[in-house]
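Worksheet: one structure, shown below.
The values are calculated or read from the model by the stated rules, or taken from the named source; none is laboratory data. For clarity, every value in this text was computed on a predicted model and none was experimentally measured. Here the Cβ positions follow ideal geometry from the backbone for every residue, glycine too, while neighbour counts run over all protein chains shown.
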Amino acid sequence: MKKQWLYLGIGLLMFGMTARAETCAGGAGTIVEGVGHGRYCAGVVGLNWWSAFAWCDAIGGTLVDATDDCACEECTTQGSASLCLNLPLKKSASGYWTRNENARDPGYAYDINPYFGNVNKTGVRSPLCRM
């Protein structure tokens, strides 16, 4: 019987020590720490670009800037050939919108693919807000 209580206690202790993602925006986002600088709130729901802008504004943030937040001068001129080295790679996250419009392809904005770290232009993504 003592062994069972011991195993139960160890199991509960390990469960309590499991890392949980820190949330933001009242639980509608998770905190992302920049590798070199910055703290961001990543929305958990995919939005169009305009809605992502509004969502960041509503939580008191702004959409990330590929040039400033990625520390990547050529991110908005080369597209997917550029990497956002400031954001940690996440294998399970969807892409994040940036505030940067694509001047060469009107109607598109750049996003950051957290799986590979590259900067692209694409469709619906989650907001990533600078806090």
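Worth pointing out:
- Subset of the range 102-122 [among the β-branched types (Val, Ile, Thr) and modelled with pLDDT of 80 or more]: Ile112
- For the range 1-22, the set of residues classified as out of contact with any strand residue (DSSP E or B) (no Cβ under 6 Å at 6 or more places or on another chain) and at pLDDT 50 or above consists of Met1, Lys2, Arg20, listed by residue number.
- Test: residue in the range 64-86 that is outside any loop (DSSP other than H, G, I, E, B), modelled with pLDDT of 85 or more and either of a type in the set (S, T, N, Q) or surrounded by fewer than 21 Cβ atoms within 10 Å (Cβ to Cβ) (or both): yes
- Restricting the first member to the range 47-63 and to residues that are in contact (Cβ under 8 Å) with a residue 40 or more places away in the chain, and the second to residues that are of a type in the set (Phe, Trp, Tyr), the beta-carbon pairs closer than 7 Å and six or more apart or on different chains are Leu47/Trp55; Trp49/Trp97; Ala52/Trp97; Leu63/Phe53; Leu63/Trp97.
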